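Have a look at the structure below, then the notes.
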Amino acid sequence: MGASTAACSSWWAGGRDGKSASLQTVQDDLRYARQKTQETRKALDDVRFADQIDLPRAYRAFRDEVNTMSGAGSKLVQHANGMHYQGNAYLVEAEQSAGQCRYPRLSKTSRMPRMELGDAFEPIDVQGQQVQRAYRSFEFDIRTIEEYLSRELTEQGVRDMEIFMRRSEVDGDNLLYALEAELTVVERAKRAYDETAQGKEGSRP
């Protein structure tokens, strides 16, 4: 699969209606959330150690990261809820056709083959719930800090938020750990699925 086709598959297989996703899409969204978690924490550190002159710039950068993190987090919540409430039916195979990519109206995720993962599905569902809980805690911390500093953008305001900053370190660590754990089980499920698919192809006359 070419890079452009792969990118298309990842985008389209996310499901415009949000009711299904490919395992590749889930994996990509987990990796993106991991990156944004790290970048949000760095931006918060810049706020924490900025002097009054640099504080407005550091705060704007942090605010932007918080908003981007919220977008990444909404995908985590979507996948976790989709798998929890729809079960294995939430996951579909990624599209392979560039034509389907070019003309998305000709293709609906609801018509794409479901990924039957068997025993490999439950660990993804379980880890997805842990990711969602960890994200909610981290989101609460960084939103509380961002909203308070929007009104009190001073060095004293930063000091007032010290308890939430310390909490965000712990909750950020927990989120990164949960993301890594889910990435591990997703990768394991992908390998098992690919091996099964290859076995089926090899057994055909």
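Observations on the structure shown:
- Scanning the range 125-152 for residues that are under 29 Å from T25 (Cα atoms), open to solvent by less than 40 Å² (accessible area, probe 1.4 Å) and either in contact with a Pro (Cβ under 7 Å, 6 or more places away or on another chain) or not aromatic (F, W, Y) (or both) turns up D125, Q127, G128, Q129, V131, Q132, A134, D141, I142.
- Residue check, Q27 open to solvent by less than 20 Å² (accessible area, probe 1.4 Å), among the polar types (S, T, N, Q), part of a helix (DSSP H, G or I) and at pLDDT 90 or above: yes
- Condition met for Q96 (at pLDDT below 95, part of a helix (DSSP H, G or I), over 27 Å from S168 (Cβ atoms) and not basic (K, R)): no
- The test for being open to solvent by 30 Å² or more (accessible area, probe 1.4 Å) and at pLDDT 95 or above holds for E155.
- When restricted to residues that are in a helix (DSSP H, G or I), farther than 19 Å from K42 by Cβ and charged (D, E, K, R), the range 123-181 contains 8.
Here is a yes/no grid of residues against (1) of a type outside the set (S, T, N, Q); (2) at pLDDT 90 or above; (3) under 21 Å from N174 (Cβ atoms):
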site: I53; (1), (2), (3): yes, yes, no
site: A61; (1), (2), (3): yes, yes, no
site: V77; (1), (2), (3): yes, yes, yes
site: G87; (1), (2), (3): yes, no, no
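The values are calculated or read from the model by the stated rules, or taken from the named source; none is laboratory data. Keep in mind the model is a prediction, meaning the values are calculated, not measured. Methodologically, a virtual Cβ is constructed for each residue, glycine included, from the backbone with ideal geometry; neighbour enumeration extends over all protein chains shown. Surface areas here come from the heavy atoms of the whole protein model, side chains and all, with no ligands, DNA or RNA. Shrake-Rupley method; radii C 1.70, N 1.55, O 1.52, S 1.80 Å.
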